[in-house]
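Written below as structure tokens is the structure these notes are about.
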Amino acid sequence: MERCVTPERSLPVPRRLCYAAGHFLNDLAASLWFSYLLVFLHSVLAFHSFSAGLLLLVGQVADGLCTVLIGYGSDRTPGILGYGKRKSWHLAGTVCVLVSFPFIFNRCLACDPSTPQWARVTYFAAFIIIFQFGWAATQISHLSLIPELVSGEEGKVELTAYRYAFTVVANITVYTAAWLLFHFQTPDSLAPSALDNVGKMDVPLFRNLALILLGIGALFSLIFHVGTEENGPARQEPVGTEGEPLFPSPGNDDPPPPVLRWKHWLKEPSFYQVAFLYMCTRLIVNMSQTYISLYLTNSLLLPKHFIAVIPLVMYVSGFACSLLMKPLSKLIGISMTYFLGLLPLLGFASWLLFDAHMGARQIYGAAALLGAGSATVLVMSLSMTAKLIGDQTQSGAFVYGSMSLTDKLANGVGVVLIQSLRPCSTEACCPDCVWFYRDVMVTVTGGVAVAAALSLVTLLIWPIRIRQIVFTYGNVY
């Protein structure tokens, strides 16, 4: 009986930490983007509801398109001056994020009170596109390094968990910094109501928050580039039971192991199964993060510092869960761990649905459920993607890019639909918004979680595997 012997690649703990630091800037920017962009556009800059949603859609579409193009280009282009193709794209993306993001959370510098809103939308859209290009370049290059740095399902889950732990720390950093800025906001020039409600006077607060986070993120990006060594994809030759090569060298008649290109992935059923599940996962995580602040301020009528405190509770809960993911996934498998992550999400949606007038104390428990579920399904969906790629690392960026495209388009279209259905078209909120944002949170967590569960069933019936390799070489892989 022939078998495939492939020595597993692994990383020491310091190099895992250096790798995980490479997405910290992206995580900081994404947390600020999804948590506060709509609040900033609605309540601070007084954008109309549809205009605010349109800007977020522009960002998501730009990110999705750039993700696929960058994924294709990253797989085919060499690095700059031998630096490594993944790290070269990562560096370019980091620079784009640093130079564009400060202009998004600030007033339009080229505008005056008479400037029409379409001109202000165009101004912000330009910086958003640059930012999203940089964010996509950093994300895809960073994800593509996982199957190149380690091999084996356990190693990929572990490295993904390290990466997500840094994501949680990044979100905690954002919300802690936001809480401190809200808490120490100078009250001298503000009306008493302004201390509890987000308004036009908060432009300096959001601007300073963005600058502080970019400085921290730049430092972590430097740690990644110094401490991570990019290696080429190490493809080991399968061998037989006696140690002889299972596939002889090119001089022999037998073909070499298959190398999948982008067009081959489009013929793989598992590619679409994982892509749909990843899209559902990102819808849950990103949309709940986008609308939790509006739910807190407009539905529960809580003071504005809660838009920092409650997301902080979510990510502390998520961080605690991330510590359990490696042993749990090893014990019951990735798919069953993902299913367990759906249960607290369904619990969160049910709580919101049946407790319409939730108080300040109850929202802490609901936030803990949302954070635990979101963390679990996100890490497991990324682990499924890494499992799908396997040793086909030469086209890994295309796979990650395609997964991310579904995520960005779904999130962008979802936000525009929600914004177009919003009862109030301006920054002012009417009584109907109380129920509107409650319904949004229930739908994007509970409703999408049900869709994810149905998708998970297909993976349990037809497990993840690359059919072309199986059909060509039987059970070798």
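The values are calculated or read from the model by the stated rules, or taken from the named source; none is laboratory data. If you're wondering where the values come from, they're calculated on a predicted model, not measured in any experiment. Heads up, the Cβs are rebuilt from the backbone with ideal geometry, glycines too, and the neighbour counts pull from every protein chain shown. Note: areas computed on protein heavy atoms with side chains; ligands, DNA, RNA excluded. Shrake-Rupley method; radii C 1.70, N 1.55, O 1.52, S 1.80 Å.
Quick check: anything in the stretch 324-342 small (Gly, Ala, Ser), in contact with a Ser or Thr (Cβ under 7 Å, 6 or more places away or on another chain), open to solvent by less than 40 Å² (accessible area, probe 1.4 Å) and more than 26 Å from Met441 (Cα to Cα)? Yes: the stretch 324-342 contains one or more residues that are small (Gly, Ala, Ser), in contact with a Ser or Thr (Cβ under 7 Å, 6 or more places away or on another chain), open to solvent by less than 40 Å² (accessible area, probe 1.4 Å) and more than 26 Å from Met441 (Cα to Cα).
The listed residues are Val377, Val416, and the only one of them that is open to solvent by less than 10 Å² (accessible area, probe 1.4 Å), touching a residue at least 60 places away in the same chain (Cβ under 8 Å) and under 21 Å from the mean Cα position of the chain (by Cα) turns out to be Val377. Looking for something closer than 21 Å to Leu159 by Cβ, surrounded by 21 or more Cβ atoms within 10 Å (Cβ to Cβ), within 21 Å of the chain's Cα centre (by Cα) and among the basic types (Lys, Arg) - is there at least one such residue anywhere in the stretch 82-105? Taking every residue of the stretch 82-105 in turn, at least one turns out to be closer than 21 Å to Leu159 by Cβ, surrounded by 21 or more Cβ atoms within 10 Å (Cβ to Cβ), within 21 Å of the chain's Cα centre (by Cα) and among the basic types (Lys, Arg). Within the stretch 362-372, identify whether any single residue is surrounded by fewer than 19 Cβ atoms within 10 Å (Cβ to Cβ) and closer than 15 Å to Ser288 by Cβ, and answer yes or no. No, the stretch 362-372 has no match at all.
Taking Phe131 as the residue in question, decide whether it is open to solvent by less than 10 Å² (accessible area, probe 1.4 Å) and assigned to a helix (DSSP H, G or I). It is true that Phe131 is open to solvent by less than 10 Å² (accessible area, probe 1.4 Å) and assigned to a helix (DSSP H, G or I). Return yes when Val198 is at pLDDT below 80, over 24 Å from the mean Cα position of the chain (by Cα), of a type in the set (A, V, I, L, M, F, W, C) and surrounded by 17 or more Cβ atoms within 10 Å (Cβ to Cβ) and no when it is not. In short, yes.
For the stretch 182-195: of the residues being surrounded by 14 or more Cβ atoms within 10 Å (Cβ to Cβ) and within 22 Å of Leu300 (Cα to Cα), which is modelled with the highest pLDDT? Selected residue: Phe182. Taken as a whole, the condition of being surrounded by fewer than 15 Cβ atoms within 10 Å (Cβ to Cβ) and either more than 29 Å from Gly22 (Cα to Cα) or modelled with pLDDT of 65 or more (or both) does not apply to Ala170. Close contacts from the stretch 100-128, counting a first residue that is on the phi < 0 side of the Ramachandran plot and a second that is part of a helix (DSSP H, G or I) and polar (S, T, N, Q), with Cβ to Cβ under 7 Å and a gap of 6+ residues or different chains, come to Gln117/Ser51; Val121/Ser51; Phe127/Ser100. When the stretch 243-293 is filtered for residues that are part of a helix (DSSP H, G or I), of a type in the set (A, V, I, L, M, F, W, C), at pLDDT below 85 and open to solvent by 30 Å² or more (accessible area, probe 1.4 Å), only Trp262 remains. For His305, the criteria (1) open to solvent by less than 10 Å² (accessible area, probe 1.4 Å); (2) out of contact with any Asp or Glu (no Cβ under 7 Å at 6 or more places or on another chain); (3) modelled with pLDDT under 85 hold in every case but one, which is (1). Assuming Val68 fulfils every condition listed in (1) at pLDDT 80 or above; (2) in a helix (DSSP H, G or I) apart from one, which condition is it? If we test Val68 against (1) at pLDDT 80 or above; (2) in a helix (DSSP H, G or I), just (1) comes out false. The condition of being of a type in the set (Phe, Trp, Tyr), in a helix (DSSP H, G or I) and modelled with pLDDT under 80 holds for only one of Tyr400, Tyr437, that being Tyr400. Of all residues in the stretch 106-121, those satisfying the criterion of being of a type outside the set (Phe, Trp, Tyr) and either in contact with a strand residue (DSSP E or B) (Cβ under 7 Å, 6 or more places away or on another chain) or open to solvent by 80 Å² or more (accessible area, probe 1.4 Å) (or both) are Arg107, Leu109, Ala110, Asp112, Pro113, Ser114. Kindly indicate whether any position in the stretch 115-127 is under 25 Å from Ala20 (Cβ atoms), at pLDDT 90 or above and either among the polar types (S, T, N, Q) or in a helix (DSSP H, G or I) (or both). Among the residues of the stretch 115-127, not one is under 25 Å from Ala20 (Cβ atoms), at pLDDT 90 or above and either among the polar types (S, T, N, Q) or in a helix (DSSP H, G or I) (or both), which makes the answer no.
Against the numbered list (1) assigned to a helix (DSSP H, G or I); (2) hydrophobic (A, V, I, L, M, F, W, C); (3) more than 19 Å from Tyr162 (Cα to Cα), Ala356 comes up short only at (1). Applying a threshold of 7 Å to beta carbon distances and a minimum spacing of six or more residues, or different chains, the list of pairs starting in the stretch 23-49 at a residue that is more than 19 Å from Met314 (Cα to Cα) and in a helix (DSSP H, G or I) and ending at one that is open to solvent by 10 Å² or more (accessible area, probe 1.4 Å) and of a type in the set (A, V, I, L, M) reads Leu25/Ala218; Ser43/Val198; Val44/Val198.
A single entry from Glu154, Glu148 fulfils the requirement of being in a helix (DSSP H, G or I), at negative phi and open to solvent by 40 Å² or more (accessible area, probe 1.4 Å): Glu154.
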